[in-house]
Amino acid sequence: MKIALIRQDYHKYGGAERYVYHLSRELARRGHRVHIFAHTGKDELHHVSKINSSTSSITFHRVPIFGGAAFLRTLSFALFSRRQLKKDRFDIIHSFDRTFYQDVYRAGDGCHREWLSRSLKISSNRLSRKMIRLNPLHLTLLFLEKRIFKKCKKIIAIAKIGKEEIIRHYGVSPENIAVVYNGVDSEEFSPNNRELLRSDIRGQFNLVEDDFVILFVGSGQRRKGLNYLIQAVSLLGRENVKLLIVGRDRKKPYSRLVRRLGLNGKVIFIGGTTETRKFYAAADIFVLPTLYEPFGNACLEALASGLPIIISKCAGAAEIIADGENGLLLNNPMDPEEIAQKIRMTFDDELRGKLGKNAWLLAEKFTLTKNAEKTLEVYNEIIKT
């Protein structure tokens, strides 16, 4: 098949970007001709091509975008990608961004109308709610989203809850939505990394072996509940508890909170990195008290690394977790006391060991191979119609 994949950025930062990065290689390994339509990523693809012959059947097309405001970048990428795609013929056009021209749309960023609904509920005052409603980026995303769900041949939701949200908000027929869970690279993310990488990465950040290290991974940190996790750490009352924050976002609001709570030296901001596997190896548990998360690739990465995970029921990944067996679930991610209580449970070595072992066993069911196979089933269904 000749397949076009569309995502504004093509690299290994961020869950959706990493997903496209791995899927393109899985498809290429199966002999499909893959064309990437993105604004960034050509240099990275060229670098990987030198060490991986499977990328020889991947072609990069740079899509220009307007600079400036986020809504202009989003809208211009949708317009310019359509113009480029129409110059050629493809068996399947698969978009991972809200764009104008695709056969398949993977709702990896979730249902924006659902997130706005939740965001409005937690906003503190009328002015902030009004600003959310009038934000041009939100208006642009809602416009594109409505158009996609009305015209797209097939939608891929990455969890059952995402499928339910799309049906509820847009009345899409259930038959037009396939649920395809994410996969994880079990070679990159493995419990073996603990022995190989743990001491070195802890040493880099002045962490000793007795430190109990909590890991948070993700950008969009307001949505993912980082402020509530920082507050929870302040409630734990143990000097050896440290919080590592991996991901790109505005650091300033969280730095102020850390200072106000007297957590200087206990909260470490790492920033963005493609080497997240090192931080899973360095950590004792993974916590994601997200307010809205379509699935959460970081959850699978943590599971595959053999880390006990604590995630909110608002995450799509909660669908695969058996509470108390291979992870712990939060009922209210905005309650720092509940987060702290779940973290305290993992201070128990026996429970932490059980959760970590079962986490790894669970992750073994969610491979990149299975994900690619399920995605190809969606493609073949479209081609046959």
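Computed from the coordinates by the stated procedures, all read-outs in this text should not be read as laboratory data. Nothing here was measured: the structure is a model prediction, and the numbers come from that model. Every residue, glycine as well, gets a Cβ built from its backbone with ideal geometry; the counts of neighbours run over all protein chains shown.
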- DSSP H helices in the chain with Cα extent of 20 Å or more along the helix axis and mean Kyte-Doolittle hydropathy at least -1.0? 15-29, 70-85, 136-151, 349-363, 368-384
- Message: How far apart, in nanometres, would the label points at E350 and K12 be if each is projected 7 angstrom from Cα along the Cα-to-Cβ direction?
- Response: 4.0 nm
- How much FRET efficiency would the formula 1/(1 + (r/R0)^6) give for N331 and T40, where r is the Cβ-Cβ distance and R0 is 45 Å, rounded to 0.05? 0.70
- Two-site label geometry, I382 and D323: point separation in nm, points 7 Å out along Cα→Cβ: 3.8 nm
- Query: How big, in percent, is the set of alpha carbon pairs in segment 192-363 lying more than 25 Å apart?
  - Reply: 22 percent
- Taking 0.36 nm per residue of separation between A70 and M131 and subtracting their Cα-Cα distance, the length gained on full extension comes to 20.4 nm
- Query: How big is the chain in terms of Cα radius of gyration and Dmax, in angstroms?
  - Reply: 20.8, 62
- List the residues whose amide H sits under 5 Å from the amide H of I310, counting only those 5 or more places along or on another chain, with H placed 1.01 Å from N in the peptide plane. F286, V287, L288, L328
- Query: How long is the gain from K252 to F143 if the chain were fully straight, where each residue apart is worth 0.36 nm and the alpha carbon distance is subtracted?
  - Reply: 36.1 nm
- Query: How far is the Cα center of segment 156-205 from the Cα center of segment 301-323, in Å?
  - Reply: 9 Å
- Task: Averaging sequence separations of C-alpha pairs under 8 Å and six or more residues apart, then dividing by the length of the chain, give the relative contact order as a whole percent.
- Result: 15 percent
- Message: At 0.36 nm per residue, and after removing the present C-alpha to C-alpha distance, how many nm does the segment from T59 to R30 gain when stretched out fully?
- Response: 8.9 nm
- Message: Within a 10 angstrom radius of the beta carbon, how do T140, T276, T369 rank from fewest other beta carbons to most?
- Response: T369, T140, T276
